[in-house]
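I have placed the structure first, in the form of C-alpha cells, so that the comments after it can refer back to it.
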Amino acid sequence: MGAGHSHPLHLNGTSALHRARPQCKVAAGLLFVLAVVATPREAIWAYGLYGLLLVGLARLGRVPLPFLARRLVIELPFLLFALFLPLVGQGERVEVVGVPLAREGLWAAWNVVVKGTLGVAASVIVAATTPVPELLQGLERLRLPRAFTTIAGFMVRYADVIADEVRRMRIARISRGHDPRWIWQARAVAAAAGTLFIRSYERGERVYLAMVSRGYAGSMPVLHELAASRRQWLAAMAVPAAAALVAATAWGIRP
C-alpha cells in the first residue's frame, strides 16, 4: 500500500514476527488484550504469565526490552491517574507507610496499571514489527472501512511534514525577535496555529489534485499481496489462545 514510511515505533528486522502477516498480528493482539481485560484483577499470577508471554514475543521479534520500556512512557498519564484512586476511594482502608489508603482503590489502581501496561506493550510489539503500510493493509483485510485506513495512512505520512512546518514557523518567529512563552503572549501562538491550519489545508488540496492527476481513485496501490494462509493464522492465534486459557483458569480457581 504505497511506499514505505519510517515510524519511530517500527524496528526493521527479519525475525519470524516481522515476517508474520499484519492482519494476523493485529487480530492476535486485539484478542490478547481482550483476554487480559477479562482476567479477574485478583489473579496476580495470571498477569505474571501474560508478562512472560510478551517478553517471549519481544525476544522472538528481536524487540529490545529497553526500547519496549521507553515506548511504555505513553501510558504515564493513566498511571498518574491510577495513583489517586487509593486516596479518593471509599470503603475499608489500610495503612501503607503510614498513609491510609482505600483497599478497593488499591485494587482499582492495580487493575488499571497492569492491564493498561500489558495492552500498551502488546500494541508496541505489533507496531515495532509491522511497517505502517502493511499495518494499514492488514486492517483493510480485517474489513476495516477503506476510508478509515486511507485517512490514517495520510495522517501518518504527513505528520512529519506538519511537524517540520511548525518548526520552520517557530524559527521564523524567533528570527524576527518574537518567541512567546507566557500566557499573555497566547495571541501569537493562536495566530500561528491558524496559519498552520491554512497552510496544511492548502498543502492537502495540492497533494490531492496531484494524486488525482496521476490516476488516484480513492485507494493506494497494493505493492505486495499479504494474504495469510491457514497455518499462519493458526500460529498467530496460539498467543491469544494461551491468554484465553490463562484467563479461564483464573476464573475457574477464583475463590
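Observations
- Among (1) within 19 Å of the chain's Cα centre (by Cα); (2) over 26 Å from ALA244 (Cα atoms) - the single one PRO100 does not satisfy: (1)
- Residue pairs meeting the criteria (Cβ under 7 Å; at least 6 apart or on separate chains; first within 22 Å of ALA191 (Cβ to Cβ), in segment 154-168; second open to solvent by 70 Å² or more (accessible area, probe 1.4 Å) and assigned to a helix (DSSP H, G or I)): GLU165/ARG199
- From PHE78, PHE84, residue being modelled with pLDDT under 90 and more than 17 Å from the chain's Cα centre (by Cα): PHE84
- Among residues of segment 61-77 that are over 13 Å from VAL120 (Cα atoms) and of a type outside the set (Asp, Glu), those with a Cβ under 7 angstrom from a residue that is surrounded by fewer than 15 Cβ atoms within 10 Å (Cβ to Cβ) and modelled with pLDDT of 90 or more, sequence gap 6+ or separate chain, pair up as GLY61/SER15; ARG62/SER15.
- Test: ALA186 is part of a helix (DSSP H, G or I), surrounded by fewer than 17 Cβ atoms within 10 Å (Cβ to Cβ) and of a type in the set (A, V, I, L, M, F, W, C): yes
- Test for THR150: is it under 26 Å from LEU72 (Cβ atoms) and among the hydroxyl-bearing types (Ser, Thr, Tyr): no
- Criterion (in a loop (DSSP other than H, G, I, E, B), acidic (Asp, Glu) and on the phi < 0 side of the Ramachandran plot) met by exactly one of GLU42, GLU75, GLU95, GLU104: GLU42
- Filter result for GLY89 (out of contact with any Gly (no Cβ under 8 Å at 6 or more places or on another chain) and open to solvent by less than 60 Å² (accessible area, probe 1.4 Å)): no
- Among the residues of segment 120-153, the ones that are surrounded by fewer than 16 Cβ atoms within 10 Å (Cβ to Cβ) and in a helix (DSSP H, G or I) come to 5 in all.
- Qualifying positions in segment 236-254 - in a helix (DSSP H, G or I), more than 20 Å from ILE125 (Cβ to Cβ) and touching a residue at least 12 places away in the same chain (Cβ under 8 Å): THR249, ALA250, TRP251
The values are calculated or read from the model by the stated rules, or taken from the named source; none is laboratory data. Because the structure is predicted, anything quoted here is derived from the model rather than measured. Glycine also receives a Cβ, built like all others from the backbone with ideal geometry; neighbour counts cover every protein chain displayed. The accessibility values were calculated without ligands, DNA or RNA, using every heavy atom of the protein model including side chains. Shrake-Rupley method; radii C 1.70, N 1.55, O 1.52, S 1.80 Å.
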